[in-house]
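Everything below concerns the one structure shown next.
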Amino acid sequence: MQIRHLTGLFAVAAILCPAFGMSVVLAPSIPSPASLGAIVTWTATVPDAKPGTLWYRFSEHELGQDTDIVKDYGPDSTLDWTASSHEGAYYIQIDVRNTDTGDTATAASFFQFQSRVSGSQPVIT
């Protein structure tokens, strides 16, 4: 596997998997860092997929924590997601599988959520 491009620590990622025959690009709808609770729409794109049905699985974890599958394999290439309980750095991963050819690919990205509090004043959202 080889990282094709990663622009910054919290950015778009694409991982080329030549042994598996395709690659996937994972992109957020808003730049990182974002305020805690902001909705991020993650979009997976497979630019070199062979004809067939693509199924996508999204997972996430906060750095240092266990990975959770947020959306299991299905035809939807997008995920609306946020970290609502506390700020931090999160790792988002997409796994894509062509159900007709068996080709697979994976991409991942880091995303940072930061507190809405500025100074010592509480914030109500």
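Details
- Restricting 69, 124 to those that are free of Cβ contacts under 8 Å to residues at least 24 places away in the same chain, assigned to a strand (DSSP E or B) and open to solvent by 60 Å² or more (accessible area, probe 1.4 Å) reduces the list to 69.
- Exactly one residue among 25, 12 is open to solvent by 20 Å² or more (accessible area, probe 1.4 Å), at pLDDT 95 or above and under 12 Å from the mean Cα position of the chain (by Cα), and that residue is 25.
- Each residue in region 85-118 was checked for being open to solvent by 80 Å² or more (accessible area, probe 1.4 Å) and over 16 Å from the mean Cα position of the chain (by Cα), and 6 of them qualify.
- Summed over region 97-121, residues that are farther than 19 Å from residue 32 by Cβ and assigned to a strand (DSSP E or B) total 6.
- Under the condition of being within 14 Å of residue 99 (Cα to Cα) and either touching a helix residue (DSSP H, G or I) at 6+ places or on another chain (Cβ under 6 Å) or of a type in the set (D, E, K, R) (or both), the residues counted in region 37-71 number 2.
The values are calculated or read from the model by the stated rules, or taken from the named source; none is laboratory data. Since the model is a prediction, treat every value here as computed from it, not as a measurement. Positions of Cβ are backbone-derived with ideal geometry, glycine not excepted, and every protein chain shown enters the neighbour counts. Ligands, DNA and RNA are stripped out before the accessible areas are found, and what is left, the full protein with its side chains, is counted by its heavy atoms. Shrake-Rupley method; radii C 1.70, N 1.55, O 1.52, S 1.80 Å.
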